[in-house]
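The values are calculated or read from the model by the stated rules, or taken from the named source; none is laboratory data. Predicted model, so just to flag it, every value in this text is computed and none were measured. Cβ atoms come from the backbone with ideal geometry, glycine included; neighbour counts cover every protein chain shown. Side chains are part of the model used for accessible areas, which takes the heavy atoms of the whole protein and leaves out ligands, DNA and RNA. Shrake-Rupley method; radii C 1.70, N 1.55, O 1.52, S 1.80 Å.
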Amino acid sequence: MTTRNLYHSKPAQWAVYGLFFVIIALIPAFVSDGFLLNQFAVYGIYGMLALSISLCWGFGGILNLGQGIAFGLAAYGMAMTMQMQSQDPDSNPIPPFMLNNSLEHLPWFWQPFWSTGGGILLALVVPTLFYVVFGTLMFRARVSGPFFAIMSLAMLSAFATLILDMQPYTNGANGISPPSPLSIFGTDIDPYGPTAYWIVCGGLIAVTVGAKLLTQSKFGLVIQALRGDPERVRFLGYNVALYETCIYAISGFIAALAGCLWVMLIQYVSPAQLDTTFSIGMVIWAGIGGRLSLLGAILGAFLIQGGQSYLGDQFLATWLLVLGAFFIVVVRFLPKGLAGLLEKVLGALARQPGKHARSDLPHAISGAPAAGE
């Protein structure tokens with residue numbers, strides 16, 4: 001087997017991913033502090049968001065600066081579900097903030113959230129459907145590149161403004177704070193306990209495996225061909241708009257799942273989850289980690305958000321400048337991100353004279369399929 005083929009070995013890629021899964025699954029065995037465990041779970045959610053950007057931007061070539069739409073809408077849906085779990089249908093059917101805004105009846109669009117299963121389903125389906133509709137309109141009109149990025153950012157700002165303006169129904173800038181943790185089948189999910197962490201961990205593993213399988217399928221190869229030359233793919237008879245809409249909607253579903261899990265952990269949602277800075281931050285995580293690598297994007301989110309948690313207080317207002325400078329350096333000199341740098345280093349070590357270990361690890365880190373694979 002040649003070095004090139006060995007580098008592109010799928011078993012090696014799955015071995016690296018498997019090792020990563022084992023490491024994150026074992027964290028509760030070594031971390032007993034509930035606050036720290038909750039923080040690690042939040043990092044897992046950030047990893048899901050970075051993965052969704054990698055799938056859409058890195059593999060599909062669709063730069064989405066409005067990923068906060070799916071995340072924020074799902075988070076509000078989950079918050080509404082958890083809020084209604086604490087309300088009594090007979091004696092206390094209206095959330096307190098609605099009473100403070102002089103509402104006398106529960107709005108019709110809050111009614112489905114009496115059902116926990118129905119509420120969670122709506123929190124996932126509504127943002128995904130929006131992505132399907134919006135994507136169809138944009139991609140059929142052949143809106144792409146920076147034009148699509150600007151349109152997605154504009155839609156994000158529109159949703160944030162809408163939620164702020166609907167003060168009686170969304171509590172405006174104050175957001176929604178469910179008083180009790182999520183209850184599933186009569187069991188409360190403690191956001192600071194290992195159960196909540198494992199739910200997030202399971203979600204991260206599930207979407208990572210699903211996304212990895214997707215990129216290695218025929219559908220994934222077509223998507224990656226679109227990134228390189230959409231006109232050639234269109235000439236070959238593929239429905240480019242349909243493929244673009246599908247990958248865009250799939251990334252939106254992953255972000256929606258992350259939004260639901262976010263509220264389960266934080267028990268709070270506000271228009272800040274639809275802030276433009278947060279959505280642009282997702283792109284930075286994926287870009288620094290490696291947008292062409294699902295695992296690289298996840299690790300990029302861990303690195304950046306972990307750095308912000310532990311170094312942000314020291315840099316204070318200059319943290320964003322430091323992050324921006326780091327992003328520019330990576331984009332300029334490491335177009336494949338830190339995952340690409342690691343791939344080059346491992347590849348150089350494997351090619352040293354006298355070395356028999358022509359490792360599969362270099363390409364396993366980046367995970368992009370070889371030509372003709």
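Based on the alpha-carbon gyration tensor of region 131-189 and its eigenvalue square roots a ≥ b ≥ c, which shape applies: rounded if a/c is under 1.5, prolate if not and a/b is larger than b/c, or oblate?
Working: a/c = 3.74, a/b = 1.88, b/c = 2.00.
Oblate, since a/c reaches 1.5 and b/c is not below a/b.
Go ahead and run the numbers for FRET between Ala173 and Asp229, Cβ-Cβ distance against an R0 of 35 Å, rounding to 0.05. Display every interim value, and only then the final one.
On the way: r = 45 Å, r/R0 = 1.29.
FRET efficiency, Ala173 to Asp229: 0.20.
Arranged from highest to lowest average of other beta-carbon atoms within 10 Å per residue, in what order do the peptides 103-109, 322-328 appear? Write down the numbers at each step before the final one.
Working: 103-109: 11.0, 322-328: 14.4.
Put in order of decreasing packing, that is 322-328, 103-109.
Treating the angle as unsigned and between 0 and 90°, give the value, to the nearest 10°, between the Cα long axis of helix 34-53 and the longest Cα principal axis of the chain.
60 degrees
Which of the peptides 129-140, 158-169 is most tightly packed, and how do the rest follow, going by the mean number of other Cβ atoms within 10 Å of each residue? Don't jump to the answer; show the numbers that get you there.
Numbers: 129-140: 18.2, 158-169: 15.2.
Highest to lowest by the protection proxy: 129-140, 158-169.
Assuming R0 = 35 Å, what is the FRET efficiency of Asp190 and Val322, from their Cβ-Cβ distance, to the nearest 0.05?
Values: r = 35 Å, r/R0 = 1.00.
So, using R0 = 35 Å, E works out to roughly 0.50.
Students often check this: by mean Cβ neighbours within 10 Å, which of 202-214, 24-36 ranks highest, and how do the rest follow? Walk me through the intermediate numbers first.
Values: 202-214: 18.1, 24-36: 12.7.
Ranked from most to least packed, the peptides come out as 202-214, 24-36.
Just the accessible area per residue of region 6-354, please: how many Å² with a 1.4 Å probe?
I get 45 Å² per residue for this part.
In whole percent, and with a 1.4 Å probe on the protein chains, what portion of the accessible area of the chain is carbon and sulfur?
Details: 11660 of 17240 Å².
Looking at the chain in its full context, I get 68 percent from C and S.
On full extension of the chain, what length is gained from His105 through Lys218, given 0.36 nm per residue of separation minus the C-alpha to C-alpha distance? Working shown, then result.
Numbers: separation 113, 0.36 × 113 = 40.68 nm, distance 5.11 nm.
Length gained between His105 and Lys218: 35.6 nm.
With the convex hull built on the Cα atoms of region 6-354, state its orientation-averaged projected area in nm².
20.6 nm²
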